[in-house]
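Here's the structure, in structure tokens; my notes come after.
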């Protein structure tokens, strides 16, 4: 299931409850999902997207 993979990858890549925007965007591209889906999964995990460059999250 895609959502499980997204959650798994966010947990792996997040540090101290934060996930940098460039990594979130790369993850979305790798999994062929929208930025919004990555953002939703991060929200559910209480992980904050940081260093946002484009205002996507």
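No lab work stands behind these numbers, since they all come straight from the coordinates. Small disclaimer: the values here were computed from a predicted structure and weren't measured. Because the Cβ atoms are built from the backbone with ideal geometry, glycine has one as well, and the counts that use them run over all protein chains shown.
Observations, loosely collected:
- The chain, relative contact order in percent, only Cα pairs under 8 angstrom and at least six apart counted: 41 percent
- Residue order, fewest to most beta carbons within 10 Å, for 52, 21: 52, 21
- Each listed q (0.13, 0.17, 0.22, 0.28 Å⁻¹) maps to a log10 I(q)/I(0) for the chain from the Debye sum over equal C-alpha point scatterers, namely -0.24, -0.42, -0.72, -1.24.
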